[in-house]
Each structure stands twice: as C-alpha cells, then as structure tokens.
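What follows is calculated from the coordinates using simple rules that are stated; it is not laboratory data. Quantities reported herein were computed from a predicted structural model and do not represent experimental measurements. Cβ atoms come from the backbone with ideal geometry, glycine included; neighbour counts cover every protein chain shown.
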Amino acid sequence: MSKNASEVTIKELPMSVCEPAPLGLIGLAIAALVLGVHDMGWLDAALDKSMMIPWTLCLGATAQLIAGIMDFKRKNIFGATAFTTYSLLWYSVTLTLVIAIFGGVSPNMEHYALGLIGFLIFSLILTVATTMLNKTLFGILVFIDLAIFALVLHTLMDTDAIFVGIPLLAVSALSFYGAAGGLLNTMAGKPLLPMGKAIWTPKK
C-alpha cells in the first residue's frame, strides 16, 4: 500500500451557528421582570427573596452566557462581549443574593456598590456601541445604565427601590420586543418588527 493510499484526509466542515440574540434577550427580559416587579413592591413583602435566584441564575445569567459564547463563534464582537459580561453581572447579583440570604452574616454592601460602579462604566461604553447598531438595543442599554445607577444609590444611600424597578421594567419590555423582533424577523426573512436604524454611522 502506497503512502498516499494509507493517508486519511479529514476535511473540516464549516459550522453554522444561528442568531443567539433572541435567547439572550429573553433571558434578560424575564430576569429583569422578576427583579423589577419585586423592586416596585408589587409582591407580598413576606415572600422569600430566595425565589428570585432561579430566574436570575438560569435566565439572567446562563441564557445570556450561552448567547455570548455563540456570538463568539459567529465573530460578533458586540453580542459576544455584551452577553457574556452581562451574564457575569447576573451571576454576581445571584451570588450576592445567596450570600445575603444564606451567608449568616451581614455583608459589606459597599464592595457590591463598587463592583456595580465599575460595571456601569463598561455598560456606558456598550451603550455608545449600540448607537452603531439599532435603536432597540440602544434603548435597552440606556435603561440598564439607569437601573445600575439607581441600584448603586439604593445600595449606598438606601434610596427607594422603586427607582431601580422602573428602569428594570423598561429593560424587560424592550428586551421582550427585541427578542420577538430577532426571532420573527429572522424566520420571516424580512423586518416584521422594526428594530430602528443606527443612530450613528462612523465615517470610514
């Protein structure tokens, strides 16, 4: 048997990855809804906060992490960066809830606020990036920024949680719309739900 005949050639086939944005946005929408309703005071105050953990962990964090990893494969730098970093934020929020509820100690929330301030700076950078994408994502990021800023004030100055709940509910509503648009527009092959044109297109 010749050398060429004994060689086996393995051809690597290109992997097709679907649009992951609807998954990430629906996870964000549901987690923001759960926290927003709680912050608005619409639920019984006696309800255990631990019941929020499954939603923040599975949908707020894990769904966005999956979407971010998929966007890395698609070479979508914005989606990959935004979804993975926001998923890590949701993991951080979830762990903070776990420590506060089950830790048996009174945590120093100033450390939590410092982390939120750092993330707010990065979130503002992402907000600028969305001006080059569409108005729906821009709206989501603006309300995320407002929610984080309000949460910092609530953590450090004990302001009313309703100021966190209002932007969170706006994040939820816009994320539901964005998820629906991403899913339906992709399946239909045309824009059934307008996402809004880019606000800013840099000159090349």
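Just a few scattered comments:
- Within the range 123-132, the set of residues being in contact with a helix residue (DSSP H, G or I) (Cβ under 7 Å, 6 or more places away or on another chain) and either surrounded by fewer than 21 Cβ atoms within 10 Å (Cβ to Cβ) or farther than 20 Å from LEU88 by Cβ (or both) comprises LEU124, LEU126, THR127, ALA129, THR131.
- Residue in the range 29-45 that is of a type in the set (Phe, Trp, Tyr), in a loop (DSSP other than H, G, I, E, B), out of contact with any strand residue (DSSP E or B) (no Cβ under 7 Å at 6 or more places or on another chain) and without any contact (Cβ under 8 Å) to a residue 40 or more places away in the chain present: yes
- Only residues that are within 19 Å of LEU124 (Cα to Cα) and over 9 Å from the mean Cα position of the chain (by Cα) were counted in the range 61-75, giving 1.
- Scanning the range 131-143 for residues that are touching a residue at least 40 places away in the same chain (Cβ under 8 Å) and among the β-branched types (Val, Ile, Thr) yields THR131, THR136, ILE140.
- Reported count of residues in the range 23-62, each being in contact with a Leu (Cβ under 6 Å, 6 or more places away or on another chain) and exposed (fewer than 13 other Cβ atoms within 10 Å of the Cβ), is 0.
- Across the range 154-169, the qualifying residues are those that are free of Cβ contacts under 8 Å to residues at least 60 places away in the same chain and loosely packed, with under 15 Cβ neighbours inside 10 Å, and the one among them that is nearest to ALA29 (Cα to Cα) is ASP160.
- Criterion (assigned to a helix (DSSP H, G or I) and touching an Asp or Glu at 6+ places or on another chain (Cβ under 8 Å)) met by exactly one of GLY60, GLY79: GLY79
- Test result for GLY103, in contact with a Ser or Thr (Cβ under 9 Å, 6 or more places away or on another chain), farther than 16 Å from GLY68 by Cβ and not hydrophobic (A, V, I, L, M, F, W, C): no
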